[in-house]
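S.K.: Shown below is the structure under consideration.
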């Protein structure tokens, strides 16, 4: 094939294939460098890289979009409404967590921190919580 016989289509195809070849050669050079590193005793660094990749795989990566955060005081308002409806009998943490759609541990922590500061809740012997009579919530 003569240089004068090459058309633009053929020249474009040759250019594209040459770029692909260069990219692949760069990848091959990187793999050869890693192999040489392993052979020269840089095993520790290589095993760290492999472990990091396997840990990423086990964790599963991103799990999708997170649920948006509730506005400030939203959980408090919901808990107060539920406990007011429950009356003197009160409601258990599991029941509250289910109705508020939060983890049980989060509701426990809420009572031991925020709930305690508010001073309007009482823990009953049955493990339930109730709102103290005579306390009104002004949100």
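The values are calculated or read from the model by the stated rules, or taken from the named source; none is laboratory data. On a predicted model such as this, the values are computed, not experimentally measured, just so you know. So basically every Cβ, Gly included, is an ideal-geometry build from the backbone, and we count neighbours across all protein chains shown.
S.K.: Does residue 77 satisfy the criteria of being surrounded by 10 or more Cβ atoms within 10 Å (Cβ to Cβ), at pLDDT 85 or above and under 30 Å from residue 132 (Cβ atoms)?
M.R.: yes
S.K.: Can you name every residue in the range 88-114 that is in contact (Cβ under 8 Å) with a residue 40 or more places away in the chain and within 11 Å of residue 129 (Cβ to Cβ)? Give the derivation first.
M.R.: From the range 88-114, those in contact (Cβ under 8 Å) with a residue 40 or more places away in the chain are 88-90; that's our starting set.
Those that are in contact (Cβ under 8 Å) with a residue 40 or more places away in the chain and within 11 Å of residue 129 (Cβ to Cβ): 89, 90.
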